[in-house]
Ligand code: NAP
Ligand code: 12T
């Protein structure tokens, strides 16, 4: 039982992550007093349902956070940059889903299965950051291996769904598929190239070293979450025409000797992970089955014979749930249980 009810504001309530936040708050019976749903001028005044009741969406403004205890933010980085500090100044602790504060040394970056203790640092700025979706599912799968065998180096390639880029991106994929089936030229606004029936080796912008910002986020955020600045991670982030669910091919070179059976057993008994790995029966994780689920799914666990000690694995999770809304709410649950 929770100690009391908490007033919760959701910034970006009308977006893909916002919708998932509302669903999960309901499912997990989060102890909510007042609920304030906030978005931009585009949708302010519209109505959203929560626990069977209609709530009118308000406009995200300077005074919106008076009397609120917790702010769950996903309105985009530039908006969080302005409003998260305002919310925190009003005494509303923010759990922010955007990239804005993740690398701020005074803001904890948290995945509850990996570094829940970091939440204690929320007091410095009143903000806790939720990592990037691709980082979250990777670190959940790596944590038990890191603790038991030590990790020398990780090589990861992602297969990321379009929902990671928001509602408009999902609509763009649908419109492009429709256009191509009708023999017309597809329009593009969100993605840099046609997304339908294509794979784009670019997520977010390019940096000077030739990597994309999404790839840099995976390296920097993973190091911060593990508290290991020298961890070696070599990433390639790819967008694929899947609506929900990110997949990752992860190669892990370990310090100590490791067997496939040990890793299967270890991951099967680790929090937040479900192993689906029965090659004889053709069983492995796929986005069509892992979407709308909470776990990080791991399969295709196999030995890497090209290094002294290493394994390969295939990791799938719902990017809107564990990759965003669920992780945010797990952080909020610990916050109310242990701190507020
Ligand atoms: P989305 O479907 O495009 O929704 C964006 C939301 O932000 C909508 O509710 C929108 O309101 C609101 N918004 C936009 N500009 C605003 C403004 N000026 N003031 C107030 N609200 C504003 O995007 P999404 O997929 O939900 O993602 C939202 C953000 O969350 C992303 O920008 C990203 O930073 C973050 N995100 C993080 C992860 C992660 O890796 N953990 C995953 C996905 C997304 P309107 O409906 O009124 O426009
Ligand atoms: N570019 O919150 O486009 O850092 O899939 C999340 C998702 C950035 C983020 C995406 C992105 C973030 C995407």
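Expressed as a whole percent, the proportion of Cα-Cα pairs in the stretch 5-48 lying more than 18 Å apart is 23%.
Each Cα pair under 8 Å and six or more residues apart adds its sequence gap; the mean of these over the residue count of the chain is a relative contact order of 18 percent.
So, in Å, what gap is there between the alpha-carbon centers of the stretch 211-272 and the stretch 98-143? Cα centres, the stretch 211-272 to the stretch 98-143: 15 Å. Note on the chain: GNM, Cα springs under 10 Å; of 42, 239, 321, the largest mean-square fluctuation is that of 42. With bins 10 Å wide beginning at 0, the percent of Cα pairs of the stretch 61-205 falling in each bin runs 10, 29, 28, 22, 10, 1. Taking 260, 139, 94 in turn, the Gaussian network model of the chain (Cα-Cα springs below 10 Å) assigns the largest fluctuation to 260.
When each of the peptides 28-39, 73-84, 43-54 is scored by how many other beta carbons lie within 10 Å of its residues on average, the order from highest to lowest is 73-84, 28-39, 43-54.
Computed from Cα positions, the angle between helix 326-338 and the longest principal axis of the chain comes to roughly 70 degrees.
Remark on the stretch 199-312: hydrodynamic radius 16.1 angstrom, per the Kirkwood mean of 1/r across alpha carbon pairs. Equivalent ellipsoid of the stretch 255-298: semi-axes from √(5λ) of the C-alpha gyration tensor, largest first, are 21, 14, 7 Å.
The Cα-based radius of gyration of the stretch 1-126, divided by its Kirkwood radius, gives an Rg/Rh of 0.95. Using a Gaussian network model on the chain with a 10 Å cutoff between Cα atoms, which of 113, 208, 255 fluctuates the most? With Cα springs under 10 Å in the chain, the top fluctuation among 113, 208, 255 is at 208. Of all beta bridges that DSSP places with both ends in the chain, some 50 percent have antiparallel geometry. Using all Cα-Cα distances in the chain, what percent lands in each 20 angstrom bin from 0 up to the longest? The percentages, shortest bin first, are 31, 58, 12, 0.
Here the calculated FRET efficiency for residue 234 and residue 294, from their Cβ-Cβ distance with R0 = 35 Å, stands at 0.75, rounded to the nearest 0.05. I want to make sure I understand the PRE zone here: with the label point 7 angstrom from the Cα of residue 306 toward its beta carbon, which residues in the stretch 149-166 have backbone N atoms less than 14 Å away? Label zone hits: 154-157. Per the Cα gyration tensor, the stretch 125-190 maps to an equivalent ellipsoid with semi-axes of 37, 17, 8 Å, ordered largest to smallest.
In the chain, the longest principal axis of the Cα atoms and the axis of helix 133-149 are about 50 degrees apart. Within the stretch 64-110, all pairs of alpha-carbon atoms sorted by distance into 5 Å bins from zero give the percentages 5, 26, 32, 27, 9, 1. Report summary: the helix-based calculation at 222 nm, which adds -39500 (n - 2.57) for every DSSP H run with n ≥ 4 and divides by the residues of the chain, gives -9000 deg cm²/dmol. Calculate log10 I(q)/I(0) of the stretch 141-237 for q = 0.24, 0.25 Å⁻¹, where I(q) comes from the Debye formula with a single equal point scatterer on each Cα and nothing for solvent. Here the Debye-derived log intensity ratios amount to -1.22, -1.28.
Model label points for residue 167 and residue 198, set 7 angstrom from Cα along the Cα-to-Cβ axis, are 2.5 nm apart.
Tilt of helix 213-226 relative to the longest C-alpha principal axis of the chain, in degrees (0 to 90, nearest 10)? The answer is roughly 90 degrees. For the peptides 101-112, 185-196, the ranking by mean Cβ contacts within 10 Å, running from highest to lowest, is 101-112, 185-196.
Values quoted throughout were computed directly from the atomic coordinates according to the rules given, and no laboratory measurement underlies them. Quick caveat: nothing in here was measured; it's all calculated off a predicted structure. Methodologically, a virtual Cβ is constructed for each residue, glycine included, from the backbone with ideal geometry; neighbour enumeration extends over all protein chains shown.
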